[in-house]
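The values are calculated or read from the model by the stated rules, or taken from the named source; none is laboratory data. Note that the structure is a prediction, hence the values are computed from the model and not measured. Using ideal geometry, Cβ is built from the backbone for each residue, glycine included, and neighbour counts are taken over all protein chains shown.
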Amino acid sequence: MSHGRRLSTGRDPTDTAEQPDLRDEAAFTALFERHRGELQVHCYRMLGSLEDAEDLVQETFLRAWRSRESFGTEGRFSFRAWLYRIATNACLDVLRSRSRRVLPPDVAPAADPTVPPSPPADLPWLQPYPDRLLDQAVAPPGEEPGAIVVARETIELAFIAAIQHLPPRQRAALILRDVLGWSAKESASLLQTTVPSANSALQRARSTLRQRLGERTNWRTSSEPTSEERELLRRYVEAHESADADALAALLRDDARLTMPPHPTWFEGRAAIMLASTQAFTPAFGNLRSVPVWANRQPGAAHYLRAPGQTRFEPLAVDVLRVEDGKIAEITSFDGSAYFVMFGLPLSLDR
């Protein structure tokens, strides 16, 4: 991933073409709603939680409405930039009192695949972001074209997980500069600091990301799934529904990783994953039905289980896959029915 360049093509936050009349509540609400989707994505990047992002967008609306008379002061006339300022500060307020979002490798070493997984832990787990919501975040034609481009490299789970390790102000500096394309001056103004201090925070953030992510060269900025990914996902779904362990193993890289929040358990390597998954491919476990999904611009599958003696398929887990060089490099398996609600999926299937 190349840091130090702009990763999106959002409009310059100093743009002065938009000077709305904010005195009317209905007009204010309508204008805010044009930006709701992109603000939610922004808050998700800051917080690593869809639920928190939804709350913070509502908080942004309330703060903006209460302070609407301040819009346009200090020579600022971009409503979008003003909202981003409010949303970022609201997120920073939250981050001062909450722990960062985590994944199992952040809290425990790789597990022994011959030992049952640890029970669920009450930790602030990182959450996925369904693509159906990302698609809604893109501004419609004729309404601020390019107002948001959800570049894949800035929304993948690996990126979101990595930036959670940044201190809040460094996180904000990186998102403002390298994701939204704000200038050093604009970022410093929002963070209420000097340009040199803002630049220093940005450089420290980039250094941490390089340590966390390495020099990845295969990030794709395109948001569209490839035919290769679609075929891999088809085979992944088929392997689970037919309980074909060998077919699943063939899709995994040798160094693949499986994590299972909210269980603080994870497995390193294809052999460990397959050994840990043995039970799921036996009749005693039951039958699976798997629905293809997409999250964080990555392929995934929502698994429903019909346990022995049951007549309906009930929610089991939502898997999000990271694909490298045509094979699965990582499976993040989000356990629990709440994720099915998040993805707009039914809570049971008849068949």
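For region 77-99, a tally of residues being more than 24 Å from LEU31 (Cβ to Cβ) and of a type in the set (Gly, Ala, Ser) returns 2. On the basis of being surrounded by 15 or more Cβ atoms within 10 Å (Cβ to Cβ) and either over 23 Å from the mean Cα position of the chain (by Cα) or at pLDDT 90 or above (or both), does ALA198 make the cut? Against the criterion (surrounded by 15 or more Cβ atoms within 10 Å (Cβ to Cβ) and either over 23 Å from the mean Cα position of the chain (by Cα) or at pLDDT 90 or above (or both)), ALA198 qualifies. LEU252 - would you say it is under 15 Å from HIS303 (Cβ atoms) and among the aliphatic types (A, V, I, L, M)? Criteria not met by LEU252.
Run PHE77 past the list (1) at pLDDT 95 or above; (2) in contact with an Asp or Glu (Cβ under 8 Å, 6 or more places away or on another chain) and report the number of the one that doesn't hold. Of everything listed in (1) at pLDDT 95 or above; (2) in contact with an Asp or Glu (Cβ under 8 Å, 6 or more places away or on another chain), PHE77 misses just condition (1).
Residue-by-condition table, conditions (1) assigned to a loop (DSSP other than H, G, I, E, B); (2) in contact with a Leu (Cβ under 8 Å, 6 or more places away or on another chain); (3) aromatic (Phe, Trp, Tyr):
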site: PRO283; (1), (2), (3): yes, no, no
site: SER290; (1), (2), (3): no, no, no
site: LEU321; (1), (2), (3): no, yes, no
site: ALA329; (1), (2), (3): no, no, no
site: THR332; (1), (2), (3): no, yes, no
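For region 245-264, what are the residues that are surrounded by fewer than 21 Cβ atoms within 10 Å (Cβ to Cβ) and within 19 Å of GLY326 (Cβ to Cβ)? Result: ASP246, ALA247, ALA249, ALA250, LEU251, ARG253, ASP254, ASP255.
Being over 24 Å from LEU126 (Cβ atoms) and of a type outside the set (Phe, Trp, Tyr) holds for only one residue in ALA250, ALA301, ALA280, and it is ALA250. Here GLN192 passes the criteria (1) part of a helix (DSSP H, G or I); (2) closer than 24 Å to SER97 by Cα except the one numbered (1). ALA295: over 24 Å from GLY344 (Cβ atoms) and among the small types (Gly, Ala, Ser), yes or no? Considered against the rule, which asks whether it is over 24 Å from GLY344 (Cβ atoms) and among the small types (Gly, Ala, Ser), ALA295 comes out as no.
Could you grab me the full set of residues in region 94-135 that are hydroxyl-bearing (Ser, Thr, Tyr) and either surrounded by 20 or more Cβ atoms within 10 Å (Cβ to Cβ) or assigned by TED's automatic domain parsing to the domain that holds PRO299 (or both)? If the condition is that a residue be hydroxyl-bearing (Ser, Thr, Tyr) and either surrounded by 20 or more Cβ atoms within 10 Å (Cβ to Cβ) or assigned by TED's automatic domain parsing to the domain that holds PRO299 (or both), then TYR129 is the only one that fits. Scan region 67-86 and give yes if some residue there is closer than 26 Å to PHE340 by Cα and in contact (Cβ under 8 Å) with a residue 12 or more places away in the chain, otherwise no. No - not one qualifying residue is present in region 67-86. Residue check: SER227 meets all listed conditions (1) surrounded by fewer than 14 Cβ atoms within 10 Å (Cβ to Cβ); (2) among the hydroxyl-bearing types (Ser, Thr, Tyr); (3) farther than 23 Å from TRP294 by Cβ but one, namely (3). For region 1-48, the candidate set comprises residues that are β-branched (Val, Ile, Thr) and under 20 Å from ILE155 (Cβ atoms); within that set, the residue that is modelled with the lowest pLDDT is THR9. How many residues are within 17 Å of VAL237 (Cα to Cα), within 27 Å of the chain's Cα centre (by Cα) and in a helix (DSSP H, G or I) when one looks only at region 265-281? Residues flagged as within 17 Å of VAL237 (Cα to Cα), within 27 Å of the chain's Cα centre (by Cα) and in a helix (DSSP H, G or I) within region 265-281 amount to 2. Would you confirm, using the coordinates I've provided, whether GLU238 is in a helix (DSSP H, G or I) and either assigned by TED's automatic domain parsing to the domain that holds VAL107 or under 19 Å from the mean Cα position of the chain (by Cα) (or both)? Criteria not met by GLU238.
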